[in-house]
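The values are calculated or read from the model by the stated rules, or taken from the named source; none is laboratory data. Not measured: the values here are computed from a predicted model. Note that each Cβ is placed from the backbone with ideal geometry, even for glycine, and that neighbours are counted across all protein chains shown. Ligands, DNA and RNA are excluded from the accessible area calculation, which covers all protein heavy atoms including side chains. Shrake-Rupley method; radii C 1.70, N 1.55, O 1.52, S 1.80 Å.
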Amino acid sequence: MIRLSRGRKGMSASRFAAIKEVEAYWHGLRGDNDIPERSKIDPRGIQNALPYSFILECVAPRVARLRIAGSKVSDVLGLDVRGMPATCLIAPRRRALFGDILEDVFEMPAKATINMTWDKARSSTVQAQMILLPLQDHEGKTTRVLGCLQYDVLPRSGAQTLMPLGSVVKPIVHFGQFSSPNVQSQGLTVVAGNPAVSSIKQGRETETAAPRLTLVQND
């Protein structure tokens, strides 16, 4: 699935270096597996990105808890966010959308990249980015997420929440298979699968036909 998002013109590909580091580390752990195991995560592998990194645990459909959170993640609310729901970082009016993304990451499974801005800033420019990368538990179930939240500057007006502007959600595929192309556009969603049967709900297009992970390659 690809949720289409808007980026800021001229944004450097290396702007969110911590996110790039975490994603590269996650890909390195995959090996012959589709999804890395949580037990294989070694903080030394993402040492430079640790302040921005976190681990989520799925506790219910569309709900995840912050098990581990770096100092920069906690700084968003000005308190230790460990044990709190992941939605505590998200503006209230966008928490349902964030729940949709969490559901995709855990259930498909998929990886997600979310462009964000500060809620109080009322800005449409990308000021932060979050990546969510699925992990398996010891039973082989996707119940954990390795994440990274990086922002340019933390506003100094008290506790903040983040407003998602758009996201790209890509199903995890076997090595050797193609994945869906990244497409950028504001306010739309494209589902990788059967394009003839889909429904629109709350600004997101969701596939209604099985199999959900049937991928369509666009030229």
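Worth pointing out:
- Test: residue in segment 159-182 that is farther than 26 Å from Asp32 by Cα, of a type outside the set (Gly, Ala, Ser), modelled with pLDDT under 95 and surrounded by fewer than 18 Cβ atoms within 10 Å (Cβ to Cβ): no
- Taking strands (runs of 3 or more DSSP E) as the structural unit, those lying wholly within segment 35-154 and holding at least 2 residues that are open to solvent by 10 Å² or more (accessible area, probe 1.4 Å) and in contact (Cβ under 8 Å) with a residue 60 or more places away in the chain correspond to 53-60, 110-118, 128-136, 142-151.
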